[in-house]
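S.K.: Before I ask anything, here is the structure I am working with.
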Amino acid sequence: MKYEMIYFDLDNTILDFSKSEEFALKKIFEFLKLDFKENYLEIYKPINEKWWKLFSDGKFPKHVIVVKRFQEFFETININLDNYEEISKFYLKALSNAAFFIKGAEKFLKTLKEKGARMAAITNGVESVQQSRAKIAKLNRFFEFILTSEKVGKPKPEPDIFYFAENLSKVPLSKSVYVGDNIETDYEGAKRAKLDFILFDPENKFQLDIKKASNYNELYDLLINNSTKNDF
């Protein structure tokens, strides 16, 4: 085994967050008794990403950004509401009930586990949401723990969450690796913690001189360092 401990980001690395996001957003419109238009998801996504980046940059606390994103979204689509906190709570509850593996991810994790790999998840997501989704997906089959930035108190790219994980696993970061899909939070956080990093980039978004995998077969080879052929 190349690494003694493998840490994964969850959303868009193991779990299909886009699918969960669409599910939860549609539930909001059902709750509000409004029609959901197909372009709403594409309008919401960059707004949501903007507010989570502001959180990662330390500009706003989590309880603010989870509400403000909906205020901006509904104002953008010209729907005037005054119950954004209620909408935020409803969305988080719906999101908590939506967990979908990226195609091939479950088999990939199962194969790693059978190889004896020790694994855990490190995520910037909301604690209650991520723990609920982890339970639905039965991630405890594979991961020793799910660690969120909310529990630690600081989001990635701050390195604190990696130090916290090191204390939980008892494996030095020098013998561990982090796999994630986000350059600004995952890569930068691992870099600050002096932890090996592999970018999971199936859409080939980033042209960087770093370890990168475009699918789970490539990721498996980078993690296990052997030539066994798998089909995830």
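S.K.: On a 0 to 90 degree scale, rounded to 10, what angle separates helix 17-32 from the longest Cα axis of the chain?
M.R.: Value to nearest ten degrees: 20.
S.K.: Quick one: Cα convex hull volume of segment 27-163, Å³ per residue?
M.R.: It comes to 120 Å³ per residue, whole-number rounded.
S.K.: Moving on to the next point. Which entries in the list Lys26/Lys205; Lys138/Lys194; Lys27/Lys170; Lys19/Lys59 go over 32 Å, if you measure between the two C-alpha atoms of each?
M.R.: Lys27/Lys170
S.K.: Turning to a different aspect of this structure: Please list, in order, the residues from segment 1-28 whose amide nitrogen is less than 11 Å from a point placed 7 Å along the Cα→Cβ vector of Phe101.
M.R.: Label zone hits: 15.
S.K.: Just want the ordering: Ile65, Ile14, Ile43, Ile6, from fewest to most Cβ atoms lying within 10 Å of their own Cβ.
M.R.: Ile43, Ile65, Ile6, Ile14
S.K.: Per residue of segment 59-74, in order, report the coupling 6.51 cos²θ - 1.76 cosθ + 1.60 (Karplus, θ = phi - 60°) as ³J(HN,Hα) in whole Hz, putting x for Gly and Pro.
M.R.: Per-residue couplings from phi come out as 7, 9, x, 4, 5, 7, 5, 5, 9, 4, 4, 6, 4, 5, 4, 5 Hz.
S.K.: In whole Hz and in residue order, list the ³J(HN,Hα) couplings for segment 142-158 that follow from phi through the Karplus curve 6.51 cos²θ - 1.76 cosθ + 1.60, θ = phi - 60°; x for Gly and Pro.
M.R.: 10, 9, 6, 7, 10, 10, 10, 5, 4, 5, 6, x, 9, x, 4, x, 4
S.K.: Using the Cβ atoms and a cut-off under 11 Å, what net charge is assigned to the surroundings of Asp9, where Lys and Arg are +1 and Asp and Glu are -1?
M.R.: With Lys, Arg at +1 and Asp, Glu at -1, the net is -2.
S.K.: Using the Kirkwood radius built from alpha carbon pairs, what does the Stokes-Einstein equation give as D for segment 17-96 at 37 °C and 0.692 mPa s, in µm² per second?
M.R.: For the chosen part, D equals 258 µm²/s.
S.K.: If you don't mind, another one. Give me the number: length gained by fully extending Asp160 to Phe145, i.e. 0.36 nm times residue separation minus the C-alpha to C-alpha distance, one decimal in nm.
M.R.: 3.8 nm
S.K.: Quick one: what Rg and Dmax do you get for the chain from the alpha carbons, in Å?
M.R.: Here Rg and the maximum Cα pair distance are 18.0, 57 Å.
S.K.: Helix-only estimate, please: 222 nm mean residue ellipticity of the chain, summing -39500 (n - 2.57) across DSSP H runs of length 4 or more and dividing by its residues, to the nearest 500.
M.R.: It comes out at -14000 deg cm²/dmol, rounded to the nearest 500.
S.K.: Arrange Met1, Met119 by Cβ neighbour counts within 10 Å, fewest through most, would you?
M.R.: By the 10 Å Cβ count, ascending: Met1, Met119.
S.K.: Treat each spin label as a single point 7 Å out from the Cα along the C-beta direction, and report the Ile77 to Lys138 distance in nm.
M.R.: Once both label points are built, they end up 3.5 nm from each other.
S.K.: Nearest 5 percent is fine: what portion of the DSSP beta bridges confined to the chain is antiparallel?
M.R.: In the chain, approximately 5 percent of DSSP beta bridges are antiparallel ones.
S.K.: Specify whether the C-alpha gyration tensor of segment 85-187 places it in the rounded, prolate or oblate class, a ≥ b ≥ c being the square roots of the eigenvalues: rounded for a/c under 1.5, otherwise prolate if a/b is larger than b/c and oblate if not.
M.R.: oblate
S.K.: In the neighborhood of Pro172, defined by Cβ-to-Cβ distances under 15 Å, what is the net charge if each Lys or Arg adds +1 and each Asp or Glu adds -1?
M.R.: Net of charged neighbours comes to +2.
S.K.: What whole-number distance in Å separates the alpha-carbon centres of segment 31-57 and segment 159-232?
M.R.: After rounding, the separation between the Cα centres reads 27 Å.
S.K.: Enumerate the amide H contacts of Asp196 below 5 Å, restricted to partners 5 or more residues apart or on another chain; note that Pro and chain-start residues carry no placed amide H.
M.R.: Ser176, Tyr178
S.K.: Right, another one. Rounded, prolate or oblate for segment 47-94? Axes are the square roots of the Cα gyration tensor eigenvalues, ordered a ≥ b ≥ c, and the cut-off for rounded is a/c under 1.5.
M.R.: Oblate.
Bear in mind these aren't lab numbers, they're just calculated from the coordinates by the rules spelled out. What you see is a predicted model, and the numbers here were worked out from it, not measured in a lab. In this analysis, Cβ positions are derived from the backbone assuming ideal geometry, glycine residues included, and neighbour counts consider all displayed protein chains.
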